[in-house]
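Presented below is the structure to which this report refers.
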Amino acid sequence: MKKIRDVQQLTAYVKLHDLQNYMDSDILAMASLQSFEKDEHLIQTGTTSDFLYFLVEGSVMVYSYPSDTQNICIDFATPATPLGEASSLWGLLPKSSVKAVTKCICVSIPLNKYRSALQQDVCFLQNICQLLSYRLNSGINLANSLTEPVETRLAKFILAHHDNGKFSTRLTTCASILNVSYRHLLRTITNFRDAQILEKQKNYYLIRDRQALEELADNLSHSTQ
């Protein structure tokens with residue numbers, strides 16, 4: 001983690017992502033910028049974080065360890081997601097870890113100084129309650145998605161994370177997020193290539209048949225109707 005001492009950049013991120021709307025307190029008076037390298041942890045299971053984060057650049061993976069040999073991805077967060085509101089804000093030990101998938105920048109609020117102010121900020125608490133409700137429903141969706149075929153999960157993920165038809169997420173990261181083995185993911189990617197849905201390029205996969213991807217993504221809902 002590296003602190004970025006740039007008030008102008010901090011102000012720009014707060015305005016870009018409307019972060020002041022999260023709270024009545026003056027966020028610029030409390031916050032600073034921090035950067036994290038790829039694969040660096042922002043929050044680790046069993047260790048209380050000293051900061052409440054707002055992710056403003058990059059992406060992170062939220063995951064847990066149900067056993068010593070396996071981890072399950074709970075969420076894949078992108079800007080402008082709050083991180084640490086469920087445990088660190090209340091001084092509790094987190095039950096999941098947050099790791100940078102790409103290089104990330106966060107607006108960070110030190111909780112040793114501002115925990116009490118945030119806990120008494122009605123606007124902030126209302127937004128956090130709404131966020132926790134969304135994440136509760138996301139947990140239910142995660143449980144349901146684990147019953148979907150890998151083809152369906154991968155198609156949905158590609159459609160959600162491609163950039164102008166180019167899918168460049170690292171496959172090891174993709175496997176973790178989809179909660180499948182790397183080998184199984186490779187087989188599925190190969191099947192997509194054989195079906196001419198994807199085409200391998202040097203640093204990414206090109207979507208050649210978006211309609212086929214959309215049909216795969218809808219596979220489960222159609223099969224259960």
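The values are calculated or read from the model by the stated rules, or taken from the named source; none is laboratory data. Since we're looking at a predicted model, the values are computed, not measured. Positions of Cβ are backbone-derived with ideal geometry, glycine not excepted, and every protein chain shown enters the neighbour counts. Only protein heavy atoms, including side chains, enter the accessible area calculation; ligands, DNA and RNA are left aside. Shrake-Rupley method; radii C 1.70, N 1.55, O 1.52, S 1.80 Å.
Taking amide H positions as modeled 1.01 Å from N, with prolines and chain starts lacking one, the residues under 5 Å from L52 and 5 or more places away or on another chain are I109, L111. For the chain, what log10 I(q)/I(0) values come out of the Debye formula at q = 0.16, 0.17 1/Å, with one point per alpha carbon and no solvent? Calculated log10 I(q)/I(0) at the listed q: -1.14, -1.23. Under 5 Å between amide hydrogens, built in the peptide plane, is the criterion, and for I4 it picks out L33, Q34, S35 among residues at least 5 positions away or on other chains. If R0 is taken as 41 Å, the Cβ-Cβ distance between S133 and Q211 corresponds to a FRET efficiency of 0.75.
Scalar couplings 3J(HN,Hα) for the range 190-205, obtained by applying the Karplus form with A = 6.51, B = -1.76, C = 1.60 to θ = phi - 60°, are 4, 4, 5, 5, 4, 7, 6, 7, 10, 10, 6, 10, 4, 10, 6, 10 Hz; x denotes Gly and Pro. Sequence-ordered 3J(HN,Hα) estimates for the range 15-21 from the Karplus curve with 6.51, -1.76 and 1.60 and θ = phi - 60° stand at 6, 4, 9, 6, 5, 4, 5 Hz, glycine and proline given as x. Amide hydrogen proximity for E57: with H placed 1.01 Å from N in the peptide plane, the residues at 5 or more positions away or on another chain lying under 5 Å are I105. Segment N164..T48, full-extension length gain: 37.9 nm, with 0.36 nm per residue of separation and the alpha-carbon distance subtracted.
Treating r as the C-beta distance of D18 and L186 and R0 as 45 Å, the FRET efficiency rounds to 0.65.
Counted by Cβ distance under 10 Å from Y205, the other residues give a net charge of +3, where Lys and Arg count +1 and Asp and Glu count -1.
A 1.4 Å probe run over the range 1-135, with the rest of the protein chains in place, finds 52 Å² accessible per residue. Sequence-ordered 3J(HN,Hα) estimates for the range 97-108 from the Karplus curve with 6.51, -1.76 and 1.60 and θ = phi - 60° stand at 10, 10, 10, 5, 7, 10, 4, 10, 10, 10, 7, 10 Hz, glycine and proline given as x.
Annotation for A86 and Q196: the two label points, set 7 Å from Cα along the Cα-Cβ direction, are 4.4 nm apart. In the chain, carbon and sulfur make up what percent of the accessible area (probe 1.4 Å)? Looking at the chain in its full context, I get 48 percent from C and S.
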